[in-house]
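The values are calculated or read from the model by the stated rules, or taken from the named source; none is laboratory data. Note that the structure is a prediction, hence the values are computed from the model and not measured. Cβ coordinates were reconstructed from backbone atoms using ideal geometry, including for glycine residues, and neighbour counts include every protein chain displayed.
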């Protein structure tokens with residue numbers, strides 16, 4: 001482990017060849033970690049299933065309990081966990097660089113509060129059960145995220161002087177508080193059963209019960225990840241300040257816009273699929289910086305891979321520890337993530 | 001002998017009278033209840049005329065619509081409650097702060113703790129004694145007991161299907177499924193209705209289940225309870241169809257997923273005998 005601090009220090013100079021090899025190694029290594037975790041996770045669980053039965057084509061799927069446990073109860077959760085974990089960790093990296101603030105999280109800019117408000121409204125108003133063949137809660141949640149994104153973006157650009165990260169931060173934090181207040185009000189008006197559902201939603205849940213929510217979340221998350229791939233070099237320069245980046249040929253406004261929109265899109269889709277699962281977006285990027293340094297060409301792919309693997313592992317715990325009961329996955333990420341993060345801080349100070 | 005005993009018996013009678021008055025066993029004239037199950041019980045035992053304030057979520061009987069709403073479990077409006085000048089307030093046992101507050105104001109309270117069927121019958125009888133309607137409450141509890149006995153009698157000798165009893169779920173999806181564990185009122189109703197709770201071995205009232213646990217438990221019947229009485233038939237069939245994804249479960253394969261509407265299924269009270277009978281009918285259609 002390299003002895004770097006968990007801050008947004010400028011990357012160490014390295015020769016181009018060296019760096020290319022390291023980027024390649026990091027992408028392969030953390031990508032493989034995520035893929036292996038996703039493949040192993042469905043094999044682990046409170047009940048033992050036989051793999052040969054799972055893939056036995058002679059048994060009709062409708063009668064094959066092992067196959068249903070594998071394909072309905074476990075595999076979608078692993079995929080959802082990987083998508084959500086990758087999105088939140090990647091969005092965390094991008095927002096920390098954009099806002100030049102190591103404490104920024106995917107939930108800083110109000111997008112997740114908007115997503116939560118959308119979900120709460122559907123849960124408490126009991127509006128249409130399904131829209132376009134998908135459950136209404138994730139859709140409403142994604143719509144809420146987009147609404148919040150639009151408001152924050154409008155506020156940050158309304159002075160026509162580019163994208164003010166200060167206004168972005170202030171508007172995001174204020175919107176977060178405002179939406180949280182509205183959420184509390186909506187919950188207050190709800191009856192007890194709806195309150196239980198909405199409180200539970202906020203704790204995060206990857207038991208998606210099928211591939212619908214995943215298929216649906218893949219498009220926005222895919223778009224966001226493609227956008228992320230274009231950002232690392234510019235983010236490196238942006239962490240040294242907008243002026244400094246501009247003198248080195250970075251189109252600052254375009255980078256800021258792309259960073260904000262892609263991180264917000266990833267966050268909105270991730271929250272719509274799994275609820276606002278905390279800590280991933282802050283702990284994974286910092287842990288990765290301790291492992292690979294501060295260069296975003298390494299940090300971003302590594303965080304996406306580690307975020308996916310970390311959340312998939314947490315979700316295995318969520319469905320196993322209290323079986324047959326579900327333990328909210330947000331509780332696990334917080335209980336593992338919080339103390340671990342503190343330990344890292346103390347150890348490397 | 002008689003010379004001594006007369007003053008003695010007068011003393012005893014006086015003491016009894018004092019103790020009855022001191023313990024507040026007079027019939028209350030103005031009752032506030034924030035517990036829906038007990039508001040309904042108060043009306044059912046003939047104390048409805050004395051009920052002046054009810055909880056926000058009280059829906060039965062229809063007369064509650066004409067009473068003042070005073071909040072609920074989490075948000076009792078104390079100012080409004082005091083303003084109604086009650087002489088008895090029915091609170092949840094967990095509302096300790098409010099109970100202390102009204103006790104300081106010398107207002108009597110009756111506290112309710114969630115329990116099983118037998119506990120609820122006991123609560124009905126105690127509420128009857130407390131409101132001076134012991135006979136009516138005893139009759140109500142007796143009616144519920146005989147309804148339960150009648151249901152049991154009809155089901156004698158019948159095989160008990162393994163049942164998943166769901167009382168909460170994210171609409172339109174199989175997420176956040178809450179089901180009854182092996183204790184409490186829902187579990188008791190299910191037992192009385194001739195079903196075997198698929199999660200009887202978990203000693204909790206409420207379980208949030210994973211899809212895996214449900215697949216592995218493989219219940220013969222799924223009974224899903226919802227308090228939403230206004231759900232349209234289309235929505236009902238769509239909600240039942242949501243379970244089709246778990247097709248290896250016998251309940252799904254054999255089309256034995258039942259959605260029961262009404263708050264009598266999720267709230268213990270005077271209608272719990274009928275609610276049990278309705279569950280029994282869903283589990284054993286040919287016995288009714």
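See the values below:
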{"item": "Only one of B:115, B:128 that is closer than 18 Å to residue B:35 by Cβ, surrounded by fewer than 18 Cβ atoms within 10 Å (Cβ to Cβ) and touching a residue at least 60 places away in the same chain (Cβ under 8 Å)", "result": "B:115"}
{"item": "Single residue of A:284, A:313, A:273, A:321 found to be within 14 Å of chain B (Cβ to nearest Cβ), within 15 Å of the chain's Cα centre (by Cα), over 30 Å from residue A:158 (Cα atoms) and modelled with pLDDT of 90 or more", "result": "A:273"}
{"item": "Residue A:103 vs. criteria touching a residue at least 12 places away in the same chain (Cβ under 8 Å) and either over 16 Å from residue A:265 (Cβ atoms) or within 15 Å of the chain's Cα centre (by Cα) (or both)", "result": "yes"}
{"item": "Neighbours by Cβ (under 6 Å, 6+ apart or cross-chain): first from the range A:160-174, farther than 24 Å from residue A:115 by Cβ; second in a helix (DSSP H, G or I)", "result": "A:162/A:253"}
{"item": "Strands (runs of 3 or more DSSP E) fully within the range B:187-264 counting 2 or more residues that are over 28 Å from residue A:47 (Cβ atoms) and within 21 Å of the chain's Cα centre (by Cα)", "result": "B:257-261"}
{"item": "Flag if residue B:144 is closer than 24 Å to residue A:70 by Cα, touching a helix residue (DSSP H, G or I) at 6+ places or on another chain (Cβ under 6 Å) and either assigned to a strand (DSSP E or B) or more than 14 Å from chain A (Cβ to nearest Cβ) (or both)", "result": "no"}
{"item": "Checklist (1) more than 19 Å from residue B:58 (Cβ to Cβ); (2) part of a strand (DSSP E or B) applied to residue B:90, failing item", "result": "(1)"}
{"item": "Given (1) touching a residue at least 60 places away in the same chain (Cβ under 8 Å); (2) more than 12 Å from chain B (Cβ to nearest Cβ); (3) closer than 17 Å to residue A:270 by Cα; (4) touching a helix residue (DSSP H, G or I) at 6+ places or on another chain (Cβ under 6 Å), number of the condition residue A:225 does not satisfy", "result": "(4)"}
{"item": "Failed item, numbered, when residue B:228 is tested on (1) closer than 25 Å to residue B:155 by Cβ; (2) at pLDDT below 90; (3) within 9 Å of chain A (Cβ to nearest Cβ)", "result": "(1)"}
{"item": "Top-ranked residue in the range A:57-74 [being in a loop (DSSP other than H, G, I, E, B) and surrounded by 12 or more Cβ atoms within 10 Å (Cβ to Cβ); ranked as farthest from the other protein chains (Cβ to nearest Cβ)]", "result": "A:59"}
